[in-house]
Amino acid sequence: MKKGYVLLQVNVNDPEIFKEYPQLSEKLISKFGGKYLFRGGDFDVLEGEWDYKRNVLLEFESVVKAREWYNSSEYQEALKIRAKSSTSNLITIEGY
């Protein structure tokens, strides 16, 4: 089975509200068998433009599991907090 990845780009607009998001999402990622490959961290743009300050890469056993996590009712509560406090992009990617 091919791994599933979630790439999230985030610009935090309201740090006070956003600080609730990692506390909620971290538990849920683990519950669905996911793990962080990177979360934040310094980066250099080598080509093009990168308009987001924060980057997160998650690994799941499959894209199906990644989508189960994202679509779960529990994550939808965390997502409301992220949506209220930031702008972001999120995609799933099928790996090897």
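A few notes on this one:
- Backbone N within region 75-96 under 14 Å of label point (7 Å from residue 2 Cα along the Cβ vector): 92-96
- Here the gap between residue 47 and residue 23, fully extended at 0.36 nm per residue and compared with their Cα-Cα distance, gives a gain of 5.4 nm.
- Candidates 70, 52, 21, ranked by Gaussian network fluctuation over the chain, Cα under 10 Å, top entry: 52
- Net charge dipole size for region 1-69 [Lys, Arg +1 and Asp, Glu -1 on Cβ; Debye, nearest 20]: 500 debye
- Calculated mean residue ellipticity at 222 nm for the chain: -11500 deg cm²/dmol, from DSSP H runs with n ≥ 4 weighted as -39500 (n - 2.57), summed, divided by the residue count and rounded to 500.
- Here is the list for region 1-51: GluC sites (Glu not before Pro) lying in DSSP coil, each with at most 15 other C-beta atoms within 10 angstrom of its C-beta, are 47, 49.
- Computed with a 1.4 Å probe over protein heavy atoms only, the accessible surface of the chain comes to 66 Å² per residue.
- For the chain, averaging the sequence separation of C-alpha pairs within contact (under 8 Å, six or more residues apart) and dividing by the residue count gives a relative contact order of 54 percent.
- Residue-wise HN-Hα coupling along region 15-22, computed from phi with Karplus coefficients 6.51, -1.76, 1.60 (Hz; x: Gly, Pro): x, 5, 6, 4, 4, 6, 4, x
The values are calculated or read from the model by the stated rules, or taken from the named source; none is laboratory data. Note that the coordinates shown come from a computational prediction; the quantities given were computed from them, not determined experimentally. Virtual Cβ from ideal backbone geometry, glycine too; neighbours counted across all protein chains shown. The accessibility values were calculated without ligands, DNA or RNA, using every heavy atom of the protein model including side chains. Shrake-Rupley method; radii C 1.70, N 1.55, O 1.52, S 1.80 Å.
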